[in-house]
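One structure is given here, and the rest of the page talks about it.
The values are calculated or read from the model by the stated rules, or taken from the named source; none is laboratory data. Every value quoted in this text rests on a predicted model; they were computed, and no experiment measured them. When we count neighbours, we look across all protein chains shown, and the Cβ atoms used for this are built from the backbone with ideal geometry, even at glycine. Only protein heavy atoms, including side chains, enter the accessible area calculation; ligands, DNA and RNA are left aside. Shrake-Rupley method; radii C 1.70, N 1.55, O 1.52, S 1.80 Å.
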Number of protein chains: 2
Amino acid sequence: MHLGVLVFSSLLYVTTFALDNGLMRTPPMGWLAWERYRCDIDCDNDPKNCIRHNLFIDMADRLFEDGWRELGYVYVNIDDCWSSMERDKQGRLQPDPKRFPGGIKKLARYLHDRGLKLGIYGDMGTHTCGGYPGTPLDKIQIDAQTFADWEVDMVKFDGCYSNATEQEQGYPLMSKALNATGRPMGYSCSWPAYQGGLPPKVNYTQLGEICNLWRNYGDIQDSWGSVLNIVDWFFENQDILASVAGPGKWNDPDMLVIGDFGLSMDQSRTQMALWAIMAAPLFMSNDLRTLSSGARFILQNKVAIGINQDALGIQGRRIVKEKSGIEVFWRPLSNNASALVFFSRRNDMPYRYKTSLHQLKYTTGSYKIYDVFTEKTATLKDSTDFVVSVNPTGVVMWYVSAPGKLGLRQFYSGGKLIGPAYDAEENALPHGFL
Amino acid sequence: MHLGVLVFSSLLYVTTFALDNGLMRTPPMGWLAWERYRCDIDCDNDPKNCIRHNLFIDMADRLFEDGWRELGYVYVNIDDCWSSMERDKQGRLQPDPKRFPGGIKKLARYLHDRGLKLGIYGDMGTHTCGGYPGTPLDKIQIDAQTFADWEVDMVKFDGCYSNATEQEQGYPLMSKALNATGRPMGYSCSWPAYQGGLPPKVNYTQLGEICNLWRNYGDIQDSWGSVLNIVDWFFENQDILASVAGPGKWNDPDMLVIGDFGLSMDQSRTQMALWAIMAAPLFMSNDLRTLSSGARFILQNKVAIGINQDALGIQGRRIVKEKSGIEVFWRPLSNNASALVFFSRRNDMPYRYKTSLHQLKYTTGSYKIYDVFTEKTATLKDSTDFVVSVNPTGVVMWYVSAPGKLGLRQFYSGGKLIGPAYDAEENALPHGFL
């Protein structure tokens, strides 16, 4: 037993430097089954929505045909309940034969042929959260190799049915095992969420070395209350969290629920805006086959995506918290630009919030403003008082650039230029803009 | 002092039989300023949204031109913050001269010319909730007469800045005073909301005799949490509340916030469906100038309105409360018809709820089903198990009629036939309907 600990300790030492996969230099984007489809395996009665090959094919087709892929939404991620209840004779995980009759590799090939990527789900423990076979310590290597053999591009490693000691061993081991396959696979660790998300129980320095992204907090649900709860936790702990994120290593506040049943349009814009400020992974969990045009418009907003995907990868912060319920969030971006989000917690009516860039700690000078959701532009001196009207549970989101700079033209997503959305000419403040 | 109590007691006796205005035989419908516009009097900086003549004209124009009036939405109701801070030399309330330069009567005439009606707001107490002049006991008669002189059609009588004793005197007195003017004016009493909404503090028998509608509970806010809180209170107390409602006397769970900022489309359908089940007044508080087509579609649903406006005026009830979070609501309607609402409290994904009309206490037989929001029809035996898929925080709403009956053809709203929305032929159960 004592020897075992020593062995694992030395493995741990090695694995703290194991993640060197060069992946996810900007937050990963795509689609993830869990929030919207859960563990629905009732294909007889619910054939369009159950977890099976066809569901992922449907979503892949939508990503490919409806303009998502070009914006950076390239991952199609399986979550829990995909596997058979038994490992195969060689001890490998295997998909449910009825629901994935062609196997996972066939699905991966279908995605790769369309420029998309496949994510899969495992669990550090005896069972997955849904009761399917987990990946205990002695199965980590074989499961990593199986995923690689299937040509998987990303692995989410959940933490049900394991204790803190096992997690401390297992998460680094899986990181090493994934790297050892030689196939670059993004690595999403649920570890911190199982340990309360905060130091000293959570070692974010280590996480940044072994995982590409990590879930810090509880699962998102399809409600504004859940989104707000997550937002609150992440910004209350921003002094701990913001500094540990960067290219290749991201805090993950969980999926986008935009396009589901619980958020208003304003609340949907708020999730999009604050996930962009947080440099959060953008995994939609919705039905891309029936998405409303309003939800699509928000999720496909090029400038919001551009802010999320900014190459510097600096996670933004809340910089103002007013008694009125107005809060201001800020994220520094490439090319001396920045993003500002004005958010209202109110539940009454639009609030007219008065401030100036000077009050928001901008240095002396003139700035170009692009309103991300209304697409209006303006020029604004730091000393000029302005008023933004912020809807209840809604946001106003600005891209702020310095004069003489390229403005939005540097916006990239998934490695591709998606601008220019904004031509950097100097406008006077248009009437009715502010 | 003792004599005063005697005098008021005898007045009270008289006024318990005072309301005989013949109004509001179905729940009143229209638009009310408060939830969306509050006490915004900043016309310099917020000219489109401040409480003034123009706002009500704008809403009247929308009701008149956009098809609302024909559906029954005829009231345009002013709430708090309309008046001057001082009464005039004759002791009468007067509107703020800058914001209502033409006076209230001019506004009433504008509405009447378009087949619309005007509601106004007063407060049983020294001040309104917003701090404007209230209507203490000695001003009730003059204020009632002033409203009549202005050709007002409805009065909401709030209860800030008065105690229980004053309210016990003032609400019946105002009822009598309104009747004494000879002008039929609908009378909305906030009294029960100030007394906790439940017996023995609240006497619903008396309320039914003196008021046309009454606010039982707290103000609605622009959030799903607020809507759900109100729904919970009204249905938890349905045994007290349902029996006291009927033609001319309605429980009022407060305004519709559909079309504002806080509700998703599913949540909007839920508010519309449950307000219809409750036989609730339908006062929208939103911006009719910029309403989304989705919100308009829900608010203008003829069958939902028809159910709300059913001539029997029987308030519906919750009849099932499942551990799964599914609840079923039922309201009996004219012509042996009924309405069913299946509601989901869940925040995950659509729930497939299995039941039968027999389980829902329908008598043996075959029924015609019309799905209010999808407009699909079917025939269903009481003994047949069916499955409804209910979205998170959403509803499925059915109009259920007996075979051989007129189906939806009896639907009236505001006295006008708005059907037929449904032709009563016998269909087999269409594939995919249930």
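Charged side chains reduced to their Cβ positions (Lys and Arg at +1, Asp and Glu at -1) give the protein assembly as shown a dipole of some 640 debye around its Cα centre. The simple Förster model, with R0 at 56 Å and r as the Cβ-Cβ distance, assigns B:ILE319 and A:ASN336 a FRET efficiency of 0.35. Which distance in Å, rounded to a whole number, links the C-alpha centroids of region A:343-375 and region A:53-100? Cα centroid of region A:343-375 versus Cα centroid of region A:53-100: 41 Å apart. Taking amide H positions as modeled 1.01 Å from N, with prolines and chain starts lacking one, the residues under 5 Å from A:MET284 and 5 or more places away or on another chain are A:GLY30, A:TRP31, A:LEU32, A:LEU256. The angle separating the long axis of helix A:164-180 from the principal Cα axis of greatest extent in chain A is about 90 degrees. Dipole size of chain A about its Cα centre, with +1 on Lys/Arg Cβ and -1 on Asp/Glu Cβ: approximately 780 debye, rounded to the nearest 20. How big is the gap, in Å, between the Cα center of region B:136-156 and the Cα center of region A:269-322? For region B:136-156 versus region A:269-322, the Cα centre distance is 52 Å. For region B:320-325, putting each phi into the Karplus relation 6.51 cos²θ - 1.76 cosθ + 1.60 with θ = phi - 60° gives couplings of 9, 9, 8, 4, 5, x Hz, in residue order, rounded to whole numbers and with x for Gly and Pro.
For region A:167-292, the extents of the C-alpha atoms along the principal axes are 43, 34, 23 Å, listed from largest to smallest. Taking springs between alpha-carbon atoms closer than 10 angstrom, which of B:CYS50, B:CYS81, B:CYS189 fluctuates most in the Gaussian network model of chain B? Taking springs between Cα atoms under 10 Å, the residue moving most is B:CYS50.
Dipole orientation for the protein assembly as shown: of the candidates B:ILE78, A:ASN301, B:PRO350, A:ASN301 has the Cα lying most toward the positive pole (charges on Cβ; Lys, Arg +1; Asp, Glu -1). Rounded to whole numbers, the Karplus 3J(HN,Hα) couplings from phi for region A:63-69 are 4, 6, 9, 9, x, 6, 4 Hz, using 6.51 cos²θ - 1.76 cosθ + 1.60 with θ = phi - 60°, and x at Gly and Pro.
Averaging 1/r over each pair of different alpha-carbon atoms in the protein assembly as shown and inverting the result gives 29.9 Å, the Kirkwood hydrodynamic radius. Note on B:ILE240 and B:LYS89: the extension gain reaches 49.8 nm, defined as 0.36 nm multiplied by sequence separation minus the Cα-Cα distance. In order along region B:381-391, the phi-based Karplus estimate (6.51 cos²θ - 1.76 cosθ + 1.60, θ = phi - 60°) of 3J(HN,Hα) comes to 7, 4, 7, 7, 5, 9, 10, 10, 9, 10, 5 Hz; Gly and Pro are listed as x.
Ligands, DNA and RNA left out, the accessible area of chain B computed with a 1.4 Å probe is 51% carbon and sulfur. Compared with the dominant Cα axis of chain B, that is its longest principal axis, helix B:103-112 is turned about 30°.
Once the chain from A:THR384 to A:ASP61 is taken as fully extended at 0.36 nm per residue, the excess over their C-alpha distance is 111.5 nm.
Given in Å, the Rg to one decimal and the Dmax to the nearest whole number for the Cα atoms of region B:89-146 are 12.7, 35.
For region A:229-372, the spread of Cα positions along the three principal axes, ordered from largest to smallest, is 48, 40, 29 Å. Helix B:140-149 axis versus longest C-alpha principal axis of chain B: approximately 70°, rounded to the nearest ten. Under a 5 Å amide H cut-off, with hydrogens placed 1.01 Å from N, B:GLY394 pairs with B:SER344 among residues at least 5 apart or on other chains. Summarising the label geometry, the points placed 7 Å from Cα in the beta-carbon direction at A:LYS361 and A:LEU312 lie 1.3 nm from one another.
Between A:ASN229 and A:LYS105, what length comes free when the chain is fully extended (0.36 nm per residue of separation minus the Cα-Cα distance, one decimal in nm)? Please list the in-between numbers first.
Working: separation 124, 0.36 × 124 = 44.64 nm, distance 3.76 nm.
So the chain would gain 40.9 nm between A:ASN229 and A:LYS105.
Amide H to amide H, with H built 1.01 Å from N, A:LYS381 comes under 5 Å of A:TYR367, counting only residues 5 or more places away or on other chains. Each semi-axis of the equivalent ellipsoid for chain A is √(5λ) with λ an eigenvalue of the Cα gyration tensor; in descending order they amount to 39, 24, 19 Å. Shape call for region B:26-106 from the C-alpha gyration tensor, a ≥ b ≥ c root eigenvalues: rounded (a/c under 1.5), prolate (a/b greater than b/c) or oblate? The shape class here is prolate. In chain A, the beta-carbon sitting nearest the axis that superposes A on B belongs to the residue given here with its distance in angstrom, A:SER264, 3.
Running a GNM on chain A with Cα contacts under 10 Å, which residue among A:ASP382, A:ASP80, A:ASP371 ends up with the highest mean-square fluctuation? Comparing A:ASP382, A:ASP80, A:ASP371 in the GNM, the peak value goes to A:ASP382.
If I model a spin label at B:ARG352 and A:ASN45 as a point 7 Å from the Cα along the Cα→Cβ vector, what separation in nanometres do I get? Spacing of the two 7 Å Cα→Cβ label points: 0.5 nm.
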